[in-house]
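Coordinate-derived values only; no laboratory data. Predicted model only: the values in this text are computed from it and were never measured. Note that we place each Cβ from the backbone using ideal geometry, even for glycine, and neighbour counts take in every protein chain shown.
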Amino acid sequence: MAIKEYADYDGLGLAELVRNKDVKPSELVGEAIGRAEKLNPTLNCVVFRDYDRARATAQGDLPKGVFSGVPFFLKDIFANAEGMPTRMAARFMPPVPGAHDCLLTARYKAAGLVLLGKTNVSEFGLVPTTESRLYGPARNPWHLDYSPGGSSGGSAAAVAARIVPLAHANDGGGSIRTPASCCGLVRLKPTRARMSYAPDFGDMLDGLANDHVVSRSVRDTAAALDATAGCIEGDPYWAPDPPRSYLAAMAVKPKQLRIAFSTKRTDGGTLHPDCVAAVEQAARLCERLGHIVEEATPDLNQTALIPAFMAFWASHLAAGIDHIAHLTGQTPSDDKFEGLTWGLYEAGKRITASDYLLARGAMQVAARKAAAFHKDYDVWLTSTLGSPPVRLGTFDLDERDPQKSFAPLIDYVQYTAMQNVTGQPAITLPLHWNAVGLPIGAHFVGRYGDETTLLQLAAQLEHVAPWAQRRPNLEG
């Protein structure tokens, strides 16, 4: 293979070339590192380089997994890896190399992925943009003045720029789906508890958070889920049983689906015209595929859920910072954090056990309402975001009042956080670009435990409206 063809392949395609001995893993890793070194000064998507170990790994005996020899980045939040620091873009977190691989990282390695380093994030993953004080802004490959989304913005930028075909990311309120939408990628948020956080954690954010990948193809998304899904004994709860193979199940044509779509904001207001266009285009494609499509919205009162959601985020942030302080001997103070982070930390310290349990109850009620809606509809279609990608600097990360700082953020990610509350799977697909060339993701939500239907529908849409040939121009 001519190395210039690297960008034409998804992860499974590169792995097939390795199996057929058309290319060596070391060549792929060398190409990925070369691309990263060329583009990172512009994109700022990579924040920790582990290139020497990656080269050595690629020269050795790799596991014969589905992605054997494929270069890969981890996000700088969770996904602990032996020898790599995980700082979460926080100055308060010292750059201490990890002592061991977590289970998810071990599964990535068992799939044959070669780890190159860590990608840029927002501080503690709190906001849907990637421009922390520690690391500086990551940039959107489609338009460098714009944010790649967050908090997995570095991973999304690296994949969109064809540095790697897929990369790790995680999602506690839309933190993978947001950057996937901003960067024209595929991203599935799995069902709650589909992944295990062993051995370091029971769950994340009391079940709000989940991990997976950003990718450029539906089949890479399915194959990565096969490689990493599955709970182990001792996990606090388990997701419903998966199919034998998501990749195999994805290839099966779905039944005729009942798909509800919404072109309004969650409060009933008018949605940005670009986002309406993305939803309507996706709805037309679904109709062309023979599915039943009609306008409907689940009865989920976001106004009532926002305080509950924020109580979870604030209290978990406070606990996390206090845990870091205990381990490192530091004392938290406002000068060590971004203003938004410090304001949420202080709010978290004021949340009582009663507040927390009431918030948990409110979110469990919402999950039941969502399940009732999906008795009538297989899928709910919305825009991924409340507007097109925003310019860097749009959000005030120095505002300490959580109500003021988070109001525009919640408005931006008004759809995605719902599935973190309800635990449902959701996938964003790059089906639309606006007049200035920015991607606008279409967001499909499935029944609890039913990633298969979403992957089957996504595969259909990828076939009739392919996006693989679209790529940002980073040469001129």
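Points to keep in mind about this one:
- Cα gyration tensor of the range 56-131 - equivalent ellipsoid semi-axes, whole Å, descending: 25, 13, 10
- Packing-based exposure ordering (other Cβ within 10 Å, fewest first) of Cys102, Cys275, Cys182: Cys102, Cys275, Cys182
- Local electrostatic count at Ala314 - Lys and Arg +1, Asp and Glu -1, tallied over other residues with Cβ under 9 Å: +1
- Computed P(r) (all Cα pairs; the range 3-464; 10 Å bins; percent): 4, 22, 34, 27, 11, 1, 0
- Near Phe261, the amide H atoms lying under 5 Å from its own belong to Glu294, Glu295, Ala296, Leu381; only residues 5 or more places off or on other chains count, and H is placed 1.01 Å from N.
- Calculated diffusion of the range 1-76, Stokes-Einstein form, Kirkwood radius summed over Cα pairs, 37 °C and 0.692 mPa s, µm²/s: 254 µm²/s
- The sum of -39500 (n - 2.57) across all DSSP H runs of n ≥ 4, divided by the residue count of the chain, sets its helix-only mean residue ellipticity at 222 nm to -12000 deg cm²/dmol.
- Per-peptide packing, taken as the mean over residues of other Cβ atoms within 10 Å, places 87-97, 409-419, 379-389, 462-472 in the sequence 379-389, 409-419, 87-97, 462-472 from highest down.
- Under 5 Å, built H, 5+ apart or other chain: amide partners of Val46: Asn120
- 3J(HN,Hα) couplings calculated from phi for the range 10-18 with the Karplus curve 6.51 cos²θ - 1.76 cosθ + 1.60 (θ = phi - 60°) are, in sequence order, 7, x, 5, x, 5, 5, 5, 4, 5 Hz; Gly and Pro show x.
- Ratio Rg/Rh, restricted to the range 284-342 and using Cα atoms, in which Rh is the Kirkwood radius: 1.36
- Among His291, His212, His272, a tally of other beta-carbon atoms within 10 Å of each Cβ gives an order, fewest to most, of His272, His291, His212.
- Sequentially through the range 249-257, phi angles give Karplus couplings (6.51, -1.76, 1.60; θ = phi - 60°) of 5, 4, 6, 8, 5, x, 5, 5, 9 Hz, Gly and Pro residues having no value and appearing as x.
- 11 Å beta-carbon shell around Glu82, net charge (K/R +1, D/E -1): 0
- Per-residue Karplus couplings for the range 459-465, computed as 6.51 cos²θ - 1.76 cosθ + 1.60 with θ equal to phi - 60°, are listed in order as 5, 4, 5, 4, 6, 8, 9 Hz, Gly and Pro entered as x.
- Neighbour net charge for Glu37 - beta-carbon separation under 12 angstrom, K R +1, D E -1: +2
- Altogether, the Stokes-Einstein calculation at 25 °C and 0.890 mPa s, with the Kirkwood radius of the range 176-299 over Cα pairs as Rh, returns a diffusion coefficient of 145 µm²/s.
- Coordinate range along principal axes, alpha carbons of the range 391-462, Å, largest first: 43, 34, 12
- For Glu280 and His463, the FRET efficiency from 1/(1 + (r/R0)^6), where r spans their Cβ atoms and R0 equals 22 Å, is about 0.65.
- Listing Asp22, Asp226 from fewest to most neighbouring C-beta atoms within 10 Å gives Asp22, Asp226.
- Listed residue (Asn301, Gly423, Gly290) projecting farthest to the positive dipole end of the chain, Cβ model: Gly290
- Whole-Å semi-axes of the ellipsoid equivalent to the range 420-476 (Cα gyration tensor, √5λ, descending): 27, 14, 9
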